[in-house]
1. Looking at (1) surrounded by fewer than 19 Cβ atoms within 10 Å (Cβ to Cβ); (2) part of a helix (DSSP H, G or I), can you tell me which one C:Arg336 breaks?
2. Within the stretch C:82-95, which residues are crowded, with 21+ Cβ neighbours inside 10 Å, in contact (Cβ under 8 Å) with a residue 40 or more places away in the chain and either at the interface with chain B (Cβ under 9 Å from one of its Cβ atoms) or of a type in the set (A, V, I, L, M) (or both)?
3. Only residues that are assigned to a loop (DSSP other than H, G, I, E, B), charged (D, E, K, R) and within 14 Å of chain A (Cβ to nearest Cβ): list them for the stretch C:38-81, please.
4. I'm trying to understand the selection: among the residues of the stretch D:155-171, which are part of a strand (DSSP E or B), in contact with an Asp or Glu (Cβ under 8 Å, 6 or more places away or on another chain) and within 11 Å of another protein chain (Cβ to nearest Cβ)?
5. Please verify whether the stretch B:127-135 includes one or more residues that are within 30 Å of C:Pro82 (Cβ to Cβ), touching a Ser or Thr at 6+ places or on another chain (Cβ under 9 Å) and of a type in the set (D, E, K, R).
6. Let me spell it out: the conditions are (1) out of contact with any His (no Cβ under 9 Å at 6 or more places or on another chain); (2) assigned to a loop (DSSP other than H, G, I, E, B), and B:Ile110 meets all of them except one. Which number is the exception?
7. If only one of B:Ala167, B:Ala137, B:Ala152, B:Ala119 is under 30 Å from D:Asp192 (Cα atoms) and of a type outside the set (Phe, Trp, Tyr), which one is it?
8. Kindly provide the set of residues from the stretch D:37-76 that are at the interface with another protein chain (Cβ under 8 Å from one of its Cβ atoms) and under 23 Å from B:Tyr579 (Cα atoms), ordered by number.
Amino acid sequence: MKQVFAATIVCGVLSCVGCGPTRVVAPGADAEAADRVRATLVSASTSSGTEQEAAATGTGWGTLKGRFTFAGTPSQPKALVVDKDTEVCSMGGMKLLDRSLLVDPSNKGLANVVVFARKTSRVKTAAAETPLVFDQKNCEFLLPVFAARVGQPVDVHNSDPIGHNTNIAGSSFNQLVPAGQGTAYKPDAETGMPTMVTCNIHPWMKAYAVFRKDGYVAVSAADGSFTISDLPAGETIEFQVWHERSGGPNGAVGLEKPELKWTPKGRFQVTLEPDAVKDLGTLEIPAASIGS
Amino acid sequence: MSTVAASTLSHGTATSLPPARKSRRRRRPVAEFLSTYVFSKDHKVIGLQFLFSTLLWFLIGGLLALAVRWQIAWPWSDVPVLGKLFAQQGGQMAPEFYTMLFTMHASVMIFLVIIPILAGAFGNFLIPLMIGADDMAFPTLNMLSYWFMWPAFFFFGGSFFVEGGAASGGWTSYPPLSTNMNSSPGMGMGQTLWLLGLTMVGVSSMLGSVNYMTTIILMRAPGMTMFRLPMTIWAMFITAILQAFALPVLTAAGFMQITDRMLGTGFFSPEGNVVNNGIASTGGGQPLLWQHLFWFYSHPAVYIMILPAMGMVSDILTTFARKPLFGYRPMVYSIAGIAGLGFIVWGHHMFMSGMNPALGITFMVSTMMIALPSAVKTFNWLGTVWGGRIQFTTSMLFALSFVSMFIIGGLSGIFMAATPVDIFIHDTYFIVAHFHYVLFAGTAMGVWAAIYFWFPKMFGRTMNEFWGKVHFFLTFIFLNGTFFTMHILGAVGFPRRLADAYHYETFHHLQPLNAFMTYCAIGMVATQVIFAANFFWSMFFGPIAGRNPWNSNTLEWTAPSPPGHGNFDFQPVVYRGPYEYSVPGMEKDHLMQTDPPNALASAAAAHAH
Amino acid sequence: MNRFSHVAFLLAAGCLLSAGCGRTPPASYRLNMVEATKQRLTTEQERQVATVLLAMFGTPDEPVALPETGLDEAKLRLASGPVRSDIVGRKNGLYREHCAHCHGVTGDGMGPTAAFLKPYPRDYRPGVFKFKSTERADKPTHADLLRILRNGIAGTSMPSFALLSEPQIDALVEYVKYLSIRGETELSLMRAYFELDDDANGILPETREFLVDETLTPIAEKWKSAAAAQIVVPDMPADIDLAESIAKGKELFYGDKANCVKCHGVTGLGDGQANDYDDWSKAIVEINKEIEGGLAKAGKTSTSGMSAEDAAEHRKQVAWLGRFSQVVDGDALVPRTIPPRNLRLGVYRGGRRPLDLYYRIHAGINGAPMPAAKGTVPPEDIWHIVNYIRSLPYEFDGELGADRPMVARDRF
Amino acid sequence: MRRLGGIFWSLIFLAVPILGVATFAVAPSYNIWLPKDVSEHGSSIDGLFYFILALTGVVFIATEGLLFWFLWKYDAAKAKGPATYIHGSHTLEVVWTIIPAATLLFLAIYQMNTWADVKMRRPAMAPTVEVVARQFEWRLRYPGRDGMLGTRDDLFLTNDLHLPVDEDVLVQLKSMDVLHSFFLPNLRIKQDAVPGMKIPVWFKAKETGQFDIVCAELCGWGHYKMKGRVTIESRADFDRWLEETYARQEATQPAPEDTAAAAAD
């Protein structure tokens, strides 16, 4: 008899093998809706419904400044694993430290926070022709976060006696940079959120680059302060705030600042007066919003 | 049928006796149940446990075969039932899944069905009964031999659910494919479990074979000389010897492969062998070594898988031909001859393996020679049927089909033995046809014959003859439809184990034929539902059978059906060989081994008047 | 008891037979769940992406190619759908017959066999291909993909399909492009949600402007312009003899200008760099870091001290991290480091023509750490490096032992 | 009823030899038979195949026929009287032991020569081509102009084997990872490729044409993928092909068809 029951069980198992691999359920498409969408796509007629441009465009130029601080005590930065070219990369036993969370011990200032304007109606100056220098020394990018304007020449430089390569993720750029020389690069597209820059020869080397068409972008200094000047006044500009370690979506820094309409996507809005400096004062980033 | 099925007792005296039950001291019912049905040391219960387990795995193996056939007939098409598993892939099975399917089909059928059902189920059930012993020599070993199968069941069954799936290196699991975890999915945990399972089956068989040899040598009833043993017992005896001598080699080889995989010993893979950009193997091993060791066991093993069937068929043929076995001693000698030669022919599996071709010639000759005893046996079976009075019972039909099919399987073997021809048909469907004719059309049919024949002795009831014949008819048709066509597939050179052979121009046109074979295979498996239904129905509701429903001669038919603990309600004494049918000058057409000579005399006297 | 067991048996037989009637749902494309979760899309947003993609690209059985994609739907039909032959005996469903079990029905490089292969099969969805005749950031040309299909990729599990008929290979290439364009569109749609203004309340505009003009066309254009972006290869310097060229190449190989030695190693055995990833794996590595770090941090912080909404926020974050790790387990392969090529085996994945090596060195390998030498190393020097590399498998080098060339001889 | 039973069953068993022979008889007309043989030694292999087929065919028909006849004649329902009481016949046993033994022994000796030709009598020559089996493709390497394998002018190819007709060719067979088997159905050649072994395979093709290369030893999940093609062509064509392929392998500029396709793209 037992065997009979065993048979039943086994047959049961055999007949209902349909579980498949343990993957999360991906939502399926809505067929009717899809047909409707396809209809609109194949119809050459350009249906209206595009979001119109920002209406108000004032005159004059203003400046935005502020200062980011970190509420809480940052943990001791970890030392990076340096296993190649140690004679250069850890000269005299010098350790390379993880620079993803740099807080000024004196005034809690948080460095390397990126602030950039998402869209502006006007731009004051054209991209400068003087090349920016993005240098690396002792197997470390000198700038942990590097902001540049699209079209502005960048001299990706190597001040080390050894060769590097610089690989800007999501761009066309992954070039050899010979010792003591530089390689010219002209950012050709906006990055949106900052993108990672690495050296494949020394995988611990890491930095971030952000390229903007209008060049309205700032990286907070060691004391956490930042300034964006020559912004178009008289219109509501939405700014995006980013930090490498932020736990928000794509590194966005969300703050509790209703007066600035600060969203969880790390965006706030300000309207500048002509020839005036708007100081946002101290923007305190809670420890909780900084991810691992 | 009715007269045959009707129980006629050979012993007027025995009927009055109640079925013997050794008085056991009362225990709690649970313990009672456990010791009687689960951890029983009674050879009959153990035999039945083997029978049920193996039949269950027979079903699983058959379903695996169906999945394999589906892929061969309609490659990459939506698989029924299994398709749900592959929803992510549009319902088509992945090639490694296919390799896993045929690997496990072969492994299950060989190691969990054929070997244990012959030696385990029928060996256990029949040996003591047919030699007149009240049980095996070592009941505890006997119990262990069954319970050592369970780890194997779990290893084989469980391996389907580990990462990468079950073993997928073919049932021969040739290294380096099988020793290198990188070589294929299923070569990880699955293959290890497979090897462990194999070892467990080996242990079980070993315990069994020791037991069988001892029992047959020491515990025969008074008067049961070696040359009065029924062929079944002779076959079991020699099978046991084969196992005892061949198995250690396989077990050792299996452990070598395990250490190759787990500890990086390099028995089987050459140095610096890189598979799938994995880590290079170390230690200069030799892949052919495994093939030698493996086939040194596995060739005798194919005789382990057929000899007992031959023995049982011999007994069934004589019973239903009502005629003595033709050439009893030649039959015994040929079994012994097969067993002896079986140890020096393993190389014929390796003609194309890169083994020294000169060695190939040696093995060709020995292989040709091993066809001889098989031929002798076949002629003797024909001789047995000749001049008989054939009763077409289901059991007899299966037995006859065994002879008929074994002829095909035997003859097709000669093609493979001829080395030059083997160059072309090696690893094609010709060999697949060959071993399916021997193992399915041969052994499996023999097993069915034996089940229909001894079912009354196992459960005290006879199986339904009509449905039995339907079962035989359909199985017989479908199996030939499936397997005979494989010969001509092989003649085209259609290789085995290919997930999709139709992108080769040479084989492109063979798809319809394969589709036909798959239909037959589906029919064949579906037919077994009839058998299963008949089996379980008759177990409970079949007509009650007496001690000797088939008017057969051998000792088990003098015991009650089913025999109680201790088998015989009187000590059987043997006066003659097992095949005294249609002895002239007697009204009864069978003369049991236990019939005392005086009964014979009186019968003769009665005849005189 | 008897009857019951009998019934049990009939049940067993019954469920076996009835199981035969189980049908399989039609094949469907799987959403890029990793990106969707990374972008924290809601279920509605995921469904919108799926719907829009269905509208723009159809299903694996009935692919759709908008004219903007520049794809040939006839070819796609030949390659798509389940494996079958039509009346005239022409094979359809080529992709699922030859490719899907590694590259996956969706082209996500996650077919059933994928996880096992070293290296992993390509994930078409980011639209990044390694071996091509165009500059690093550009798409491969049709001819490049044809070459890969014909020759396979030596040293990987990508076999050669040279024995398929021309139209069949052509159809497969077209289908790979289709899957790639589809995947890129999916990515940019999913990323578009973050760029949305807040007044759009999380719904992408389902207009022709946005979907075709702003999303699909730029992607398709890159594919169309690939042919124009083919690298112009100067002729190999003829005035210099091979031995000399090889000597120069060796100098450059070890010099800190070309710097090959840093990764391919002093011996050229590819042992210079052990712990770098290709872009596909690196993305997953970063995600795993984020998840592990986040969960570890969450484990340390207690919600007790927080305000209600902070606590809610915190719980939401933890839930997201949990789901993300679950998604990555199911929808991404375990990242593996990518070793630099062993140059002494004589196995050249992108092809062994000097031309192929020139392309690799000139433009680097997109998606892989291999940087571009163009601009740093002048063309004729690149040719010298090519010659040197081609000589490595046959180089008799005392330090490496006299048996080293045997490597080339026995395993190319 | 029971009479009919006996008749029915014996006819079933009669169907075995009839249908069996029929299958083999009609198979060739459906082209389900030995593929076209283009090798020199193939004829002797096929001859042997037919010889064994005939031999076994006779035995098959005889034995199955006898079985049917006995079933038909000795059906208990029809035959009168008791069964023949006989335990065997020594002479018969001897006869049907000696005859098969002689036949089988003859068969064994008769085919040794063919076997030796295909597998033992290696022609004294350098390898025409090296075939290295790999999961899951056939890697081919031709010695270049210097006729030596392992030098810089080697020619590397995959799956597409070209060989000259009417010449002895020697294939040096190796495996890179696991067991494979080099199976040329139309050339009646099969040889396992074993990692760590260099196995010579030789044959002479009689006709030009294109034929399949099949892997006949399970080599992993992609076993079925190992499709190769052997092109047998005249010496002149073969040499031209070698030159062209070598030129293509050494290309330093994109092939015109590539740029053309690119332009068209």
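1. It fails just one condition, (2).
2. Applying the first criterion (crowded, with 21+ Cβ neighbours inside 10 Å) to the stretch C:82-95 yields C:83, C:93-95.
If we keep only those that are in contact (Cβ under 8 Å) with a residue 40 or more places away in the chain too, we end up with C:94-95.
Listed by number, the list holds a single entry, C:Leu94.
3. Residues satisfying the conditions are C:Arg40, C:Asp61, C:Glu62.
4. Of everything in the stretch D:155-171, just one residue is part of a strand (DSSP E or B), in contact with an Asp or Glu (Cβ under 8 Å, 6 or more places away or on another chain) and within 11 Å of another protein chain (Cβ to nearest Cβ), namely D:Thr158.
5. No, because not a single residue in the stretch B:127-135 is within 30 Å of C:Pro82 (Cβ to Cβ), touching a Ser or Thr at 6+ places or on another chain (Cβ under 9 Å) and of a type in the set (D, E, K, R).
6. (2)
7. Working: B:Ala137 fails: under 30 Å from D:Asp192 (Cα atoms); B:Ala152 fails: under 30 Å from D:Asp192 (Cα atoms); B:Ala119 fails: under 30 Å from D:Asp192 (Cα atoms).
Checking each option against the conditions leaves just B:Ala167.
8. Across the stretch D:37-76, the qualifying residues are D:Leu66, D:Leu67, D:Phe70, D:Leu71, D:Tyr74, D:Asp75, D:Ala76.
The values are calculated or read from the model by the stated rules, or taken from the named source; none is laboratory data. The structure displayed is predicted, hence computed values, not measured ones. No Cβ is skipped: glycine too gets one built from the backbone with ideal geometry, and neighbour counts run over all protein chains shown.
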